[in-house]
Every structure is written in C-alpha cells, then in structure tokens.
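S.K.: I'd like to ask you about the structure that follows.
The values are calculated or read from the model by the stated rules, or taken from the named source; none is laboratory data. Owing to the predicted nature of the structure, the values given are computational and were not obtained by experimental measurement. Glycine gets a Cβ as well: all are built from the backbone with ideal geometry, and neighbour counts include every protein chain shown. We work out accessible area using only protein heavy atoms, side chains counted, and drop any ligands, DNA or RNA first. Shrake-Rupley method; radii C 1.70, N 1.55, O 1.52, S 1.80 Å.
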Amino acid sequence: MSPMLTPLLDRDEISAQVLRRVAGREPRLERLAVRHLARLTPDRWTIEWHLPAWLGRRFELEPAFVEALVQANVLGLLAIRLEDDLEDGEVAPSEIADTRVLARLALDLAVGEYAARFGAGSPLWTFLDRSMAEWRAGASGIDLAVRGAPLKIAGFAACLQADRLDLWPTLERSLDGAVTALVLYDQFCDWEADLTAGRWNAFVASIVGGPRRRASPERDRAMVLAAMLTGPVVREHFDRAVRAARDAAAIADDLEVSELEAFLTSWAARTSEQGAQVADHYQHAGDQAARLLLGTTTGGTAT
C-alpha cells in the first residue's frame, strides 16, 4: 500500500493546489499544466511526492510545513520535466513558448514556498542555488546522483527546520544512492530511445565504452543487442541498481527514516526479480539464435 502523502493532503488535493497556484499567476497555462502534471504520478515519482511526509514524520514537523514541501517538490518536478522536454525537442513548436513560461513559473512558485518560510540569510538559499547549478551542469552526464540534486532541497529544508543539519550528510548519501538506483533502472528501460535521440545513457555507455552522443547509433544499437544476447550485461546492470538501492535503504534505516527504507527495500526486491527475468529472456533468445545459426548455445556447447 502506498504511504500517505501528508497528514492532511492526498494526491488530488496537492495537484489541485498546484494548479490553483499556476492559474492564479497565468490562467491561460492551466490546461497545459493539467496535461503535464498528469504525467507526474506518485507511483512513478514516489520519492519526490513522499519524501517530505516521510521526513516530516521522522522529525515531527508541522503539517503545514510538510504540505509546503510537497507542493514545492511537485512544482519543481514539473519545472524540471518541462525543461527536459524542451531540451530533448519533445515539445510541439506551437507550445514551445508557453512551455518555457510554465517551466519558469513552476520553478518560481516552488522557490516561493521556501521564501515564505526561510529568511534571506538562511543557509537554505546557498544550498538551493548550488543544487540547481549542479543539476543544470550535470543532469545529462555520467554522475547519476546529480540528477536528484533538486530533490535534495526538500530534504535539506526538513533537516534545517528540525534543527538536525547534523543528519543531512548521511541523508544526502541515502538520497544519492536512491536516485542512482532509479536512474539506472530508467536508463535500461529507455536505452533505445536515448540512443536514437543522442542522449547519454549509462547502460549503453557500459557496453560501447563510454559517453557517445550521436556517434553511430545504428552500430551502437547492434553492439548493445549483441551484448544483451551473449553476455551478462543485463544482469550486471540490474545488480548495480539493486545494490545502490539496498545501500541507500541501509542508510535510511540508520537514520530511522523508516518509510524511505521500506520503499527502497521493496523496490530493490522487485527490481532484482525483474532483472533476473529480463536477463533470462535475453539469454534464452541468444541461445535460440545460436542454435539456429551455429548449432551451438551462446556458451559454446554443441547441440
């Protein structure tokens, strides 16, 4: 069962509040926001939606503060996904201008949630600026944890509000591991689309030898498929994601953030099982191809 998002709000109410904030500033963008917000479900973006509530219960924070962090996370996620869509050329030409405005507005509204609760001299602002700069500089690169830099803002804010900044470095390590695990999983699912679009992909890079952007997509695709059919690359990639999640879960357990630990432990178990099934599928397909073409298995045993 999915954990409660906050003590008072459910997903529909959070989404409604986010949309009211957008419409209050730019009424003409409400429909566009509705469409894009529908993609950002708690099932798909679990940590972004739930982390403030998990930390709120751990630190016994006021419900109103937790609600603000949830809304800031959702608004920030909306802004980031829109920026990604623009960068990847996935926005219709007729909507590019409005999408840019909505991305800027969502980020401005997210920051506004913090501005209403932290003064100008708060260490939050230095942390927020650094996190966004790290994300913009490395969101498409090989440091997978950097992709979660905006998510860390809510975690830092919760520690700051609870006067527990001493716990922040440890929580940051857990979040880095969680983001790394989730990105590794996504990049396996998206490797063909990323290769076609010329985006760096960790799974592809582990096979073709390093970051390659639009170098030779057809050749790289053939190399990846051959490796999947003849070697352990699928199992190894899933194992890397599972290890990262389990390590992150152990850290969350040490911090007594029990819901984050439970989510990561469950995710690791499901992903480990799925990885084994996918690896077996490609091994079986490779064995069949070898028997048809060569009369051997991929392991070289004659039939």
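S.K.: When Gly141 is evaluated against the numbered criteria (1) farther than 22 Å from Asp166 by Cα; (2) in contact (Cβ under 8 Å) with a residue 40 or more places away in the chain; (3) part of a helix (DSSP H, G or I), which criterion, by number, is the only one it fails?
M.R.: (3)
S.K.: Right, another one. So for the range 149-159 (the condition being within 30 Å of Val224 (Cα to Cα) and at pLDDT below 90), does at least one residue qualify?
M.R.: yes
S.K.: Inside the range 191-201, can you point out the residues that are free of Cβ contacts under 8 Å to residues at least 24 places away in the same chain, of a type outside the set (Gly, Ala, Ser) and surrounded by fewer than 23 Cβ atoms within 10 Å (Cβ to Cβ)?
M.R.: Correct list: Asp194, Thr196.
S.K.: Before we move on, is Asp280 open to solvent by less than 50 Å² (accessible area, probe 1.4 Å), out of contact with any helix residue (DSSP H, G or I) (no Cβ under 6 Å at 6 or more places or on another chain) and among the acidic types (Asp, Glu)?
M.R.: When the stated conditions are applied, Asp280 does not pass them.
S.K.: Considering only residues that are free of Cβ contacts under 8 Å to residues at least 12 places away in the same chain and part of a helix (DSSP H, G or I), look in the range 166-190 and name the one that is nearest to Glu60 (Cα to Cα).
M.R.: Looking at residues that are free of Cβ contacts under 8 Å to residues at least 12 places away in the same chain and part of a helix (DSSP H, G or I), I get Asp166.
S.K.: Determine if the range 93-115 includes at least one residue that is open to solvent by 70 Å² or more (accessible area, probe 1.4 Å) and assigned to a loop (DSSP other than H, G, I, E, B).
M.R.: No, the conditions are met nowhere in the range 93-115.
S.K.: For the range 22-31, how many residues are open to solvent by 20 Å² or more (accessible area, probe 1.4 Å), touching a residue at least 12 places away in the same chain (Cβ under 8 Å) and part of a helix (DSSP H, G or I)?
M.R.: Result for the range 22-31: 2.
S.K.: Let me ask something else about it. Mind listing just one residue for me: the one in the range 209-222 that is surrounded by 15 or more Cβ atoms within 10 Å (Cβ to Cβ) and modelled with pLDDT of 90 or more and, of those, farthest from Leu292 (Cα to Cα)?
M.R.: The qualifying residue farthest from Leu292 (Cα to Cα) is Asp220.
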